[in-house]
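A short reminder: the numbers here are calculations on the coordinates, not readings from a lab. Computed from a predicted model, the values in this text were never measured in an experiment. Here the Cβ positions follow ideal geometry from the backbone for every residue, glycine too, while neighbour counts run over all protein chains shown.
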Amino acid sequence: MIINGKKKIWSDYQKEIPDDHYFYVRSCIRQNFFPASEKLFLEIVRDRLNLDFYETEHHTTCGGIAYHSDTIPQETVMTIVARQFALMSEAGYKNYVASCITSFGLYTEILDTWYHYPELEAKIKENLWKTTRREFNKPEYLAHASDVVYKLRDKIASQAKYKLVNKDTGKPLKVVEHIGCHYSKMFPSKGVGGAEYPYVLTGMIESWGGEIVDYPERRHCCGFGFRQYMIRANRGYSLSNTYKKFESMEPFHPDMIITNCPGCPYFLDRWQYVIKEMEGKTYGKEGQGIPVFTYEEVAGLVLGYDPWYLGLQMHQIDVEPLLDKIGIKYSKTDKYLL
Amino acid sequence: MNKEVLIIGGGPAGLECASTLLMFGYKVFIVEKGSELGGHLRKWDRLFPESISASETLERLLIPSKKAIVFDETEVSSVKLKDGFFDIILSDNTELHVHSVVVATGFKLFPAEKKEEYGYGVYNRVITNADLEASFKNNSRDILQSKRVGFVHCVGSRDEKISNRHCSKVCCVTAVKQACEFKEANPDAEIYCFYMDLRMFGRGYEDLYLKAQNKYGIRFIRGRVSEVAENVDGELVIKAEDTLISRPLKVTLDLLVLMSGMSKNPDNDQLADMLGLDIAEDGFFVQHDPTINSIKSKIKGIFFAGTVTGPKTIPETLNEARSAALAVHKYLSE
């Protein structure tokens with residue numbers, strides 16, 4: 001590995017990320033899978049870092065899951081997105097930050113489509129006005145929430161209570177980073193670090209003391225892949241994707257996985273249980289799995305939040321061995337009491 | 001005969017054009033941006049299809065062009081056309097007053113790091129065709145002892161994604177040549193060539209392709225490489241598609257050679273502005289009469305030679321250089 005080669009690519013794919021004043025939109029499935037992650041994100045940016053992040057209860061699904069499952073017309077999904085932009089405009093914001101990778105990818109794709117086909121944008125404006133009597137401005141800046149945490153990573157590090165370091169050996173933890181496909185694979189220039197060697201999560205891990213593992217199947221889909229899972233007959237394909245990734249990362253002995261997508265942590269976490277049941281195989285030490293985290297959860301751990309406040313008891317793979325390795329204090333008896 | 005000609009570029013085209021013009025008795029100046037004459041040929045070990053020595057070929061080109069006045073590490077700063085003369089100022093402030101100009105600035109090897117998915121500059125065992133030629137030249141054992149080797153054709157050629165739609169013409173046969181030479185250097189090596197289609201247009205090329213299969217057992221896989229990564233042992237894991245059996249495939253290799261194609265010389269735009277010439281969409285110079293008179297530009301007294309107007313083989317380049325010299329002679333004899 002020639003690290004300077006990667007650094008060169010990372011320097012080619014840096015994007016402007018505003019410091020403050022964002023209109024924040026949640027993810028449909030993250031609110032169910034990892035409800036603490038979004039709450040924690042807002043706590044960190046608002047309470048710890050005193051930044052202005054606004055959200056509204058009027059925000060709805062972006063339609064991304066339906067769009068990527070081929071069950072919604074493109075103009076309908078564009079009108080839904082136009083309504084979200086109208087909410088941002090009405091609230092007086094210009095920077096739009098999405099919690100969901102698929103939403104981020106969808107917004108990016110729609111803005112690019114409107115750039116190339118302005119007549120379509122005009123039609124969507126008309127659709128929105130006819131259906132809701134709303135008007136919208138396009139965001140001046142579109143970010144994914146992981147972009148914002150990437151931007152704030154050093155500030156978070158400066159307030160850190162723990163580092164991603166093995167407390168016994170003093171060595172950095174080996175961390176697998178998994179980027180959601182819709183983050184930069186469609187539009188490499190819109191993601192920190194591009195599509196081939198994304199830096200958004202790597203930057204966080206480096207700042208927080210860990211070491212990134214570069215394994216052959218790191219670009220591969222987590223296994224969600226929308227139609228791979230949502231169509232029941234395809235679920236074996238979903239599982240085989242996840243299996244392929246774990247087989248590939250196994251020789252590197254990773255301590256943990258960090259993700260920035262709603263589906264990825266869920267599938268990488270849950271399918272480990274299924275692989276164990278089907279194949280009797282686990283990928284961590286002593287019969288344990290490899291714990292999988294959202295980037296907000298990792299930020300929360302570094303900042304010293306109680307692991308159960310972060311919702312880590314919702315994970316399939318037990319996180320306690322990793323917490324012990326870092327030296328994070330927690331109460332075993334409180335695990336399911338919060 | 002005291003008429004003076006400036007040749008911009010001291011690669012094979014510039015050298016051969018200079019030799020022919022010197023033979024006619026003209027005074028010839030060569031402006032070369034690099035520190036040595038010879039262009040890409042200087043970096044190559046052997047040439048297809050007969051694997052003749054590149055350094056001996058270069059020597060044969062250099063000897064007859066020795067009487068040319070060479071400005072190395074120099075570029076053209078400005079050009080003014082006045083009364084049938086070209087007033088030239090070079091980057092070292094030398095002023096020339098020439099009757100004709102031959103543009104022979106050649107090509108740039110496509111920067112393989114732009115195809116990020118192949119990992120050039122990121123993974124240690126990913127090299128380019130130029131790097132492999134250097135390894136042949138230096139007998140680099142570390143490279144030549146690799147057991148499992150892949151060649152990726154069309155890197156930076158026929159690729160809309162990086163805005164190079166054109167075929168680079170020489171990469172197919174170069175890959176086959178290099179694969180055969182690798183096998184000669186290391187008979188135990190297993191070699192795979194990943195190609196879109198093989199454009200074996202020249203005399204002897206098909207024979208070389210057959211020899212690669214029959215004598216050396218090189219495996220040709222029709223399909224593009226999608227991504228490259230390193231495993232825990234530092235070996236390369238290659239994902240590709242075999243379009244003949246309609247299946248994806250994954251192979252572990254010790255070495256991957258990227259066949260970087262010919263791209264436009266990045267100086268073309270600036271030079272075209274100075275000379276009043278046009279650049280085509282592919283970045284190469286526009287010929288005034290590409291079918292009948294491919295060396296002619298739209299400005300009287302300015303001619304082209306070699307790959308400045310698109311990818312060419314060495315024999316094609318040399319023939320065009322001689323043709324350009326004849327055209328200069330005809331122009332100056334009118």
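A few remarks follow.
- Prolate/oblate/rounded call for the stretch B:40-138, Cα gyration tensor, a/c under 1.5 rounded: oblate
- Here each label is just a point 7 Å from Cα along the line to Cβ, and for B:GLU56 and B:GLU281 those points are 4.4 nm apart.
- Test item: Cα-centred dipole of the stretch A:16-145, Lys/Arg +1 and Asp/Glu -1 on Cβ, debye: 340 debye
- In order along the stretch A:220-229, the phi-based Karplus estimate (6.51 cos²θ - 1.76 cosθ + 1.60, θ = phi - 60°) of 3J(HN,Hα) comes to 5, 4, 5, x, 5, x, 6, 5, 4, 9 Hz; Gly and Pro are listed as x.
- Its residues counted as N, the stretch B:112-261 yields a C-alpha radius of gyration over 2.2 N^0.38 Å of 0.97.
- Taking the longest Cα principal axis of chain B as reference, the axis of helix B:314-333 is set at about 10 degrees.
- Net charge over other residues, Cβ less than 10 angstrom from the Cβ of B:ILE295 (K, R count +1; D, E count -1): 0
- Within the protein assembly as shown, all pairs of alpha-carbon atoms sorted by distance into 10 Å bins from zero give the percentages 3, 13, 20, 19, 17, 14, 10, 4, 1, 0, 0.
- Estimated FRET transfer efficiency when R0 is 22 angstrom, pair B:THR252-A:HIS253 (beta carbons, to 0.05): 0.65
- Applying 0.36 nm per residue to the separation of B:GLU206 and B:ASP87 and subtracting their alpha-carbon distance, the gain on full extension is 38.1 nm.
- The alpha carbon centroids of the stretch A:259-319 and the stretch B:222-276 are separated by 36 Å.
- 10 Å-binned pair-distance histogram of the stretch A:16-145 (Cα, whole percent): 12, 44, 33, 9, 0
- Evaluated on the stretch B:1-60, the Kirkwood hydrodynamic radius is 12.4 Å, with distances taken between all distinct Cα atoms.
- Chain A: C-alpha gyration tensor shape, a/c 1.5 cut-off, then a/b vs b/c: prolate
- Summarising the label geometry, the points placed 7 Å from Cα in the beta-carbon direction at B:ASN319 and A:LYS285 lie 6.9 nm from one another.
- Given their separation in residues at 0.36 nm each and the Cα-Cα distance between them, B:MET274 and B:LYS43 gain 80.2 nm when the chain is fully extended.
- Less than 5 angstrom separates the built amide H of A:PHE293 from those of A:ILE257, A:ILE258, A:THR259, all sequence-distant by 5 or more or on a different chain.
- Estimated distance in nm for a label pair at A:ASP334 and B:MET23, the labels positioned 7 Å out from Cα along Cα-to-Cβ: 9.1 nm
- Unpaired cysteine residues in chain A (no second Cys Cβ under 4.7 Å): A:CYS28, A:CYS62, A:CYS100, A:CYS181, A:CYS221.
- Of the trypsin sites (Lys or Arg not before Pro) found in the stretch B:277-334, the ones in coil according to DSSP and having at most 14 other Cβ atoms within 10 Å of their Cβ are B:LYS298, B:LYS300.
- Local net charge near B:LEU96, Cβ-Cβ under 9 Å (Lys/Arg +1, Asp/Glu -1): -3
- Calculated [θ] (222 nm, deg cm²/dmol) that DSSP helices of n ≥ 4 give over chain A, each run adding -39,500 (n - 2.57): -13000 deg cm²/dmol
- Lysine pair count for the stretch A:16-145 (Cα-Cα distance under 21 Å; residues 8 or more apart in sequence or on different chains): 5.
- FRET efficiency for A:GLU211 and A:ALA91, using Cβ-Cβ distance with R0 set to 30 Å, rounded to 0.05: 0.15
- Taking the Cα centre of the protein assembly as shown as reference, the dipole from Cβ charges on Lys and Arg (+1) and Asp and Glu (-1) amounts to some 920 debye.
- The calculated FRET efficiency for the pair A:ILE231 and A:MET314, based on their C-beta separation and a Förster distance of 30 Å, comes to about 0.70.
- Cα-based shape type of the stretch A:253-338, given that a ≥ b ≥ c are square roots of the gyration tensor eigenvalues and the cut on a/c is 1.5: prolate
- For the stretch A:152-326: lysine pairs under 18 Å (alpha-carbon distance), excluding those fewer than 8 apart on one chain: 21
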